[in-house]
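To start, the structure itself, in structure tokens.
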Amino acid sequence: MKELLTPEALLTNFKDVRALTRKVIEAFPEKDLFEFNIANLRPFSGMVEEFLMITNYIFRETLHEKHTPFYTEGQFPTTKEGVLALWDKVTEIIDREWKEIGNFTQSLTIYQMTFSFAQWILYFIENESHHRGQGYTYLRALQIEPPFFWGRESFK
């Protein structure tokens, strides 16, 4: 039986999720991206910073010296334009470094949890989707129509 989820299909899913999140970032007014929250939860920019931090860890732990670092704690952009530019840079790095992943089943321990590289990407997809849902809630509270959650690039 063929693999249900090939490395190429996993990358497509990963990139689809990231493209949807980029649309959510774009939908936020500048100030609200960094300041608006509900019930003392983080602003959406804090969630975006988490996405980038986790992605950086996963690729750093997998590729070691071959990885191009793109996240340094305390140096997250402070403008929406800066966040989107970093987001796009990370997408380019993912596209390039994905080709370097030789073993998608290799174990990685991050945050005292051990998963394979592929399982970490699936974890990441779930984590980003969950927090993107919070971003949708924020946008609706701001009376802004969020992007369609089913608008995945690969579904076109």
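The values are calculated or read from the model by the stated rules, or taken from the named source; none is laboratory data. Since the structure is predicted, the reported quantities are computational estimates derived from the model, not experimental observations. Cβ sites come from the backbone with ideal geometry, for glycine too, and all protein chains shown count toward neighbours. What goes into the accessible areas is simple: the full protein's heavy atoms, side chains included, and nothing from ligands, DNA or RNA. Shrake-Rupley method; radii C 1.70, N 1.55, O 1.52, S 1.80 Å.
Just the residues that are of a type in the set (S, T, N, Q) and touching a Phe, Trp or Tyr at 6+ places or on another chain (Cβ under 8 Å), please, taken from the range 19-63.
Restricting attention to the range 19-63, the residues satisfying the condition of being of a type in the set (S, T, N, Q) are 21, 37, 40, 45, 55-56, 62.
Passing the criteria: Thr21, Asn37, Ser45, Thr55, Asn56, Thr62.
Exactly one residue out of Tyr123, Tyr111, Tyr136 is of a type in the set (Ser, Thr, Tyr), loosely packed, with under 13 Cβ neighbours inside 10 Å and over 16 Å from Thr12 (Cβ atoms): that is Tyr111.
Exactly one residue out of Glu92, Glu8, Glu65, Glu97 is over 17 Å from Gly135 (Cβ atoms), among the acidic types (Asp, Glu) and open to solvent by less than 30 Å² (accessible area, probe 1.4 Å): that is Glu97. Of everything in the range 68-82 that is at pLDDT below 95 and open to solvent by 40 Å² or more (accessible area, probe 1.4 Å), the residue that is farthest from Leu139 (Cα to Cα) is Thr68.
Phe59 meets the conditions (1) farther than 19 Å from His131 by Cα; (2) open to solvent by 10 Å² or more (accessible area, probe 1.4 Å) in every case but one. The failed one is (2).
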